[in-house]
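The values are calculated or read from the model by the stated rules, or taken from the named source; none is laboratory data. Everything numeric here is computed off the predicted structure, so don't read it as measured data. Backbone-built Cβ (ideal geometry, glycine too); neighbour counts: all protein chains shown. To get the accessible areas, we keep the full protein, side chains included, count just its heavy atoms, and leave off ligands, DNA and RNA. Shrake-Rupley method; radii C 1.70, N 1.55, O 1.52, S 1.80 Å.
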Amino acid sequence: MPKDHGIGAAPKRREDLRFLTGTGNYTDDINLAGQAYVYFLRADVAHAKINGMNMDAAAAMPGVVRIFTGADFEGVGGLPCGWQIHSKDGSPMHEPPHPVIAQGKIRYVGEIVAAIVADSLEQARDAAEAIELDLEELPAVVDMKAALADGSALVHDEVPNNRVYDWGFVEENAAATDEAIKNAAHVTTLELVNNRLVANPMEPRVAIGDYTRHNDESTLYTTSQNPHVIRLLMGAFVLGIPEHKLRVIAPDVGGGFGTKIFHYAEEAFVTFASKQINRAIKWTSSRSEAFISDAQGRDHVTKIELALDADNNFTAVRTHTLANMGAYLSTFSTSVPTYLHGTLMAGNYKTPLVYINVEAVFTNTVPVDAYRGAGRPEATYQLERVIDKAARELGVDPIELRRQNFITEFPYATPVALEYDTGDYDATMTKLEEIADLSGFAARRAESEKNGKLRGLGVNCYIEACGIAPSNVAGALGARAGLYESATVRVNATGGVVVMTGAHSHGQGHETSFPQVISEMIGIDESQVEIVHGDTGRGAMGMGTYGSRSIAVGGAAMVRATEKIINKAKKIAAHLLEASDSDIELKDGTFSVAGTDKSIAWGDVCLTAYVPHNYPLEDLEPGLEETAFYDPANFTFPSGAYACEVEVDPDTGEVSVQRFAAADDFGNIINPMIVDGQVHGGIAQGIGQALRENTVYDENGQLLSASYMDYAMPRADDVPFYEVDHSCQTPCTHNPLGVKGCGEAGAIGSPPAVVNAVIDALQSGGHDVTHIDMPVSPSRVWAAMNG
Amino acid sequence: MFNSAIGKDFDYREEFMTQVSMTVNGQAASGDVEGRTLLSTFLRETLGLTGAHVGCDTSQCGACVVHVDGKAVKSCTMLAQEAAGATVDTIEGQANADGSLNVIQQAFQDHHGLQCGFCTPGMVMSAAALLKENPKPTEAEVRHYLEGNLCRCTGYHNIVKAIMAASGQDAEAIAAE
């Protein structure tokens, strides 16, 4: 019998009521009295010196309030990078300034050159056309290999060879890994591209700056996954506004997928300029602007080598990756190809030696940062593709080759710094074989072939690391932020509970799932619990939502604060029941004295906390509100096995996904309905990456795929129904809920399954194709089949 | 306060603005618009009906879908003046008279057919138009009909299920096939 409330139940989402009736409160729905509008004049060339700007005509246009340029931001801080990486030789990464508005030089198409503030958006846009720019175009740096070559044009004059860093991990493994590869019975090598993606949350970014002179306070309304982080970064590092004078509000946010983590120039601009003109300023991104200003994702070029002994045991993995940073270092850009990627290169396997080398490169393109999965999809894709290729070369079953090399004992210390606490990779693979009906594949292939189609099956595993932690270890590795989460649990006098969490929901359903945990712990109805998030004025501190961390870190903080509440409430109950607090039990919203029939309701205890007439005032403060900061002892490690079946049309090269199955181990589950939905969405993004999406620049740095006409987002008829299962559960051992996180798994685990399936289909048709880079478009498949 | 040229040199409103009237969610609505004002802007900015969302500028995403004289229309692709005199229905007018969710809205909640909610108003309005044309669509027909509505959160699985369920079909059985 499924539960009807609490942990493991699947109540319908309460936030749906406003979203389904058009009464959500997204940032663009907010309009402030007297607000002005800003239109950003963005660079339409990728690389140029700005020799001059003539704004006289524009400034005189109707409605124009003021035009800002880079000169207005001299003396204002640049946008900070949140993770410092050190190169193999010990030197710190190159970290050139990242100005809010271009200063003297343009470095990518889309960079802000001027900001026109006017009474209406149309007026601002009209005025932008009257600005005359005197530009001296420079050769654009687009291709990473060319960027690294001696003599290449430089994106930043102070960064030789455009190389941000040259990172080796783990350096102590380098020589032994080389030796193992030299002595291997078999080495499989694969060169591949992890295609650049645009995150494309359906809600474009919006920022509204609102300075109020009477109290000298600035408020920023923004489409952010982590408003407290924006407050800290923008306040402390960019604008010099103390946190008590700065409030950041991220109301309903229409999807994030990573790209709404980062602190963006537009946020700093509206906050800064609102004070300058003493008037609220609103910016709403168009989709066209989003394509050239939202931080993009992936864009790795990798060579991976997998060494095996004569018994097909993996003995070593060695990789070299070029990682595109774009033109500037976005907030967490530097961590993605390093600590979020290299540390995952052991995968689900007991490979004793792993060595990763990553060179990060500046190019004249939009900055690149975390996108759903962030580093872990890149790791999974390489590893699971090379294993498939090895199985083919050795003539062994790809599932059996994986099984043979699975890690089976936990905790397990990988050769790349992580310690996996729990997992059961064999169990998820067995579950996958069942839900994907792998035994029926041969019949389905025969049926496809009868219809003139090639059918392929691709299987892979994944492991990911969620909830980056602990803070002190991350700090030692270069992180410039804490990685805890906070929660304040306020119990009102009549027993209702308000939770102020630093986690942020932009589709994940926290307003529904977080109350399930409180309901489980206290025994009150979920309707008595309200979740407050997305406002630095209401919750003290928070690190936000990314890296599948909300329930594992934010939920854990909420549990800790609730435990403090329960402990205090038990003391009050003990006083009222004239018993020892160690004898008090809380169940179904009632405190009772163990072994007696004496009891008191939750609500009566809460009221007593605020009306403390009969109350131990000497020992206990009145009130019932507690805060907890939870800093995890380790990452969590969700894992699983995915299977994809495709049909390839041999005449056109078109690939169609026929079946997709995912068996995940997320540890304990709070709301299975929400978890299913998270996996579905991730799979669609993975299928999108594998088959359709690509971010294409020409040799001049012009973005060719800059609209939904050109960037192929997955649509409803590009994907099938998915078969998902999360009944394999090995709970996390170090957080109080035993949860692991589920937000990114689908996007991490699915691309290799799709590409493995396409290769399998082509091989079944007699085509000797061992690899096709993503997106596996009809033209690429057709070219591969036809030599 | 407004450092603006409006009103100094010419009357901007008189020059460019005209009044449009239409029936929105059963009620008379009117406002001043420029010739270039889009229906989506009129609904969102002038009438304060912010349910229809603008997710792109190439008429691809469908977050702004409303019904104009009973037909599903991308309100970012129609001028407000083109809708003069028309009957416009938006997501705000879809609930039952007692405020409860209508059959399609309820199916979206029951089947978790939305996550961030941004594409949802357009999805619901497109679904309503589909079911009016085709009361018992197949899975393939639903997927094909939604080609003009992008969702980045759900992978479409639960949206398709919700629409099938709203049409009275057994969505669980269809998804499990």
**Asked** For the stretch A:1-21, what are the residues that are part of a loop (DSSP other than H, G, I, E, B) and at the interface with another protein chain (Cβ under 9 Å from one of its Cβ atoms)?
**Response** A:10, A:12, A:13, A:15, A:21
**Request:** Go through the stretch B:139-177 residue by residue and tally those that are more than 22 Å from the chain's Cα centre (by Cα) and facing chain A (nearest Cβ under 7 Å).
**Result:** 1
**Message:** Tally up the residues in the stretch A:49-83 that are surrounded by 15 or more Cβ atoms within 10 Å (Cβ to Cβ), of a type in the set (D, E, K, R) and assigned to a strand (DSSP E or B), please.
**Reply:** 1
**Request:** Check off (1) in contact with a Phe, Trp or Tyr (Cβ under 9 Å, 6 or more places away or on another chain); (2) within 14 Å of another protein chain (Cβ to nearest Cβ) for residue A:64 and give me the number that stays unchecked.
**Result:** (1)
**Asked** Can you tell me which of A:110, A:24 is away from chain B (no Cβ under 14 Å), open to solvent by less than 60 Å² (accessible area, probe 1.4 Å) and in a loop (DSSP other than H, G, I, E, B)?
**Response** A:110
**Prompt:** Quick check: is even one residue across the stretch B:77-85 open to solvent by less than 30 Å² (accessible area, probe 1.4 Å) and within 8 Å of chain A (Cβ to nearest Cβ)?
**Reply:** no
**Asked** If residue A:716 satisfies every condition in (1) open to solvent by less than 10 Å² (accessible area, probe 1.4 Å); (2) in contact (Cβ under 8 Å) with a residue 40 or more places away in the chain but one, which is the exception?
**Response** (2)
**Fill in**
Those residues of the stretch A:693-718 which are under 11 Å from residue A:197 (Cβ atoms) and more than 12 Å from every other protein chain (Cβ to nearest Cβ) amount to A:694, A:695, A:705
**Asked** Only one of B:141, B:92 is more than 19 Å from residue A:715 (Cβ to Cβ) and open to solvent by 20 Å² or more (accessible area, probe 1.4 Å); which?
**Response** B:92
**Asked** Would you say residue A:514 is among the aromatic types (Phe, Trp, Tyr), assigned by TED's automatic domain parsing to the domain that holds residue A:569 and either in a helix (DSSP H, G or I) or without any contact (Cβ under 8 Å) to a residue 40 or more places away in the chain (or both)?
**Response** yes
**Prompt:** Condition test on residue A:426, is it out of contact with any strand residue (DSSP E or B) (no Cβ under 7 Å at 6 or more places or on another chain) and at pLDDT 95 or above?
**Reply:** no
**Asked** Before we move on, is residue A:604 free of Cβ contacts under 8 Å to residues at least 40 places away in the same chain and over 14 Å from residue A:745 (Cβ atoms)?
**Response** yes
**Request:** Kindly list the number of the only condition in (1) away from chain B (no Cβ under 14 Å); (2) open to solvent by less than 10 Å² (accessible area, probe 1.4 Å) that fails for residue A:747.
**Result:** (1)
**Message:** Criterion first (touching a Ser or Thr at 6+ places or on another chain (Cβ under 9 Å), within 12 Å of another protein chain (Cβ to nearest Cβ), closer than 30 Å to residue A:46 by Cα and part of a helix (DSSP H, G or I)) does residue A:681 satisfy it?
**Reply:** no
**Message:** Here are the criteria: (1) surrounded by fewer than 23 Cβ atoms within 10 Å (Cβ to Cβ); (2) in contact (Cβ under 8 Å) with a residue 12 or more places away in the chain. Tell me which single one residue A:724 does not satisfy.
**Reply:** (1)
**Asked** Picking from B:108, B:118, which residue would you name as being farther than 29 Å from residue B:21 by Cβ, at the interface with chain A (Cβ under 9 Å from one of its Cβ atoms), part of a helix (DSSP H, G or I) and not acidic (Asp, Glu)?
**Response** B:108
**Request:** Look at the stretch A:35-48 and say how many of its residues are assigned to a strand (DSSP E or B) and open to solvent by 10 Å² or more (accessible area, probe 1.4 Å).
**Result:** 4
**Fill in**
Of the residues in the stretch A:451-496, those that are of a type in the set (Phe, Trp, Tyr) and open to solvent by 20 Å² or more (accessible area, probe 1.4 Å) number 1
**Complete:** Looking across the stretch A:517-529 at residues that are assigned to a helix (DSSP H, G or I) and among the small types (Gly, Ala, Ser), the single one that is nearest to residue B:112 (Cα to Cα) is A:527
**Request:** Collect the residues in the stretch B:59-75 that are over 17 Å from residue B:146 (Cα atoms) and touching a residue at least 24 places away in the same chain (Cβ under 8 Å), keeping them in residue-number order.
**Result:** B:68, B:70
